[in-house]
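Notes to accompany the following structure.
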Amino acid sequence: MAVDSYDLVSEKYDIALFIEEHGNEPLYQQKLKDLQGRYCAVRRTCADGSCFYRGLGFAYLESLLDKPQDILRFRERVAHSRQELFAAGFHEREFGHHYETFLSLVDATEDDRSVGNLLRAFNNQEVSDSTVWYLRLVTSAFLRTRADFYQPFIEGATCMEDFCAQNVEPMTSVCDHIQITAVTQALDIPLLVEYVDSLDYGTNQHVFPDGSSPCVYMLYKQNHYTVLYKPGVTTKWK
């Protein structure tokens with residue numbers, strides 16, 4: 001699959017270079033240096049409102065390369081998510097194409113086992129956006145079918161259907177704590193997010209779902225997510 005650039009998901013590069021890029025933000029740069037002891041590399045994601053979903057989808061499939069049993073388990077989880085969408089009131093015409101696109105990426109991860117091809121797929125606008133759209137719908141379905149539990153976590157008097165229509169499903173809506181909780185539980189994706197803001201002296205960590213052992217790591221700053229890599233991860237530098 002040919003792509004013109006890696007603007008949606010970048011190639012992986014050394015975290016030291018990433019830190020240098022923030023030389024005009026000395027406070028933030030110092031916090032990033034604290035991360036350097038735990039992480040060795042990063043991947044940038046396009047700042048288009050879908051950076052979290054795009055980064056999560058890519059990084060988790062990347063983590064499954066050469067793990068056929070884990071891929072099979074995840075494929076079964078994705079297949080089950082289709083029933084969740086029906087239960088939430090979505091119709092096949094709303095998600096069928098996006099479901100098939102995402103499932104084909106999962107199958108390609110098992111068959112091809114190439115980081116380069118996975119990266120090219122996520123930089124193909126149509127394929128990448130379709131994948132993001134499906135992850136957004138899975139998130140929405142999870143919240144809609146558990147509205148009684150999650151409603152108290154929504155600010156204001158917005159009902160769950162309106163919240164999802166305004167803050168989950170649109171491609172430009174940024175991802176917050178409740179959306180991360182939903183999608184990681186829905187697809188059983190173990191994730192650790194390093195949060196950085198201007199008020200804290202260091203970073204704050206949060207694991208999703210609670211109590212899981214993360215295999216995907218992301219950095220959050222000012223409504224943007226970047227994929228992080230720990231030393232010793234066996235994925236190729238691409």
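The values are calculated or read from the model by the stated rules, or taken from the named source; none is laboratory data. Just so it is clear, the model here is predicted, and its values are computed rather than measured. A quick note on method: Cβ atoms are made from the backbone with ideal geometry, for glycine too, and the neighbour counts reach across all protein chains shown. In case anyone asks, the SASA skips ligands and DNA or RNA and just uses the protein heavy atoms, side chains included. Shrake-Rupley method; radii C 1.70, N 1.55, O 1.52, S 1.80 Å.
For this structure, a couple of remarks:
- Positive-end ranking of His80, Ala47, Ile15 along the dipole of the stretch 1-91, with charges on Cβ about the Cα centre, is headed by His80.
- Segment Asn204..Arg73, full-extension length gain: 44.1 nm, with 0.36 nm per residue of separation and the alpha-carbon distance subtracted.
- Using the 1.4 Å probe convention, the accessible area of the chain works out to 47 Å² per residue with neighbouring protein chains retained.
- Across the stretch 61-70, computed HN-Hα scalar couplings (Karplus, 6.51 cos²θ - 1.76 cosθ + 1.60, θ = phi - 60°) run 4, 4, 5, 8, 4, 6, 10, x, 5, 5 Hz from first to last residue, x flagging Gly and Pro.
- Separation between Cα centres of the stretch 157-212 and the stretch 111-148, rounded to whole Å: 15 Å
- Gain on full stretching of the segment that runs from Glu92 to Phe153 - 0.36 nm per residue minus C-alpha separation: 19.0 nm
- Hull-based mean projected area of the chain, where the convex hull spans the alpha carbons, in square nanometres: 13.1 nm²
- Here the stretch 105-238 carries DSSP beta bridges of which approximately 65% are antiparallel, counting only pairs with both residues inside.
- Phi-based couplings in Hz for the stretch 81-97 (Karplus 6.51, -1.76, 1.60; Gly and Pro marked x): 4, 4, 5, 4, 5, 4, 5, 7, x, 7, 9, 3, 5, 7, 10, x, 5
- Nonpolar atom fraction for the chain, defined as the carbon and sulfur part of the 1.4 Å probe accessible area, stands at 49 percent.
- In Hz, Karplus ³J(HN,Hα) per residue of the stretch 185-196 (6.51, -1.76, 1.60; θ = phi - 60°; x = Gly, Pro): 6, 4, 10, 6, 9, x, 9, 10, 10, 9, 9, 10
- Counting DSSP beta bridges with both ends in the chain, the antiparallel % (nearest 5): 75 percent
- The Cα atoms of the stretch 13-89 define a convex hull whose projected area, averaged across directions, is 7.6 nm².
- Simple Cβ-charge dipole of the stretch 107-238, Lys/Arg +1 and Asp/Glu -1, about Cα centre, in debye nearest 20: 460 debye
- What you get for the chain, charging only the Cβ of Lys and Arg (+1) and of Asp and Glu (-1), is a dipole of about 540 debye around the Cα centre.
- The slack between Ser213 and Glu126, meaning 0.36 nm per residue of separation minus the straight C-alpha distance, is 28.1 nm.
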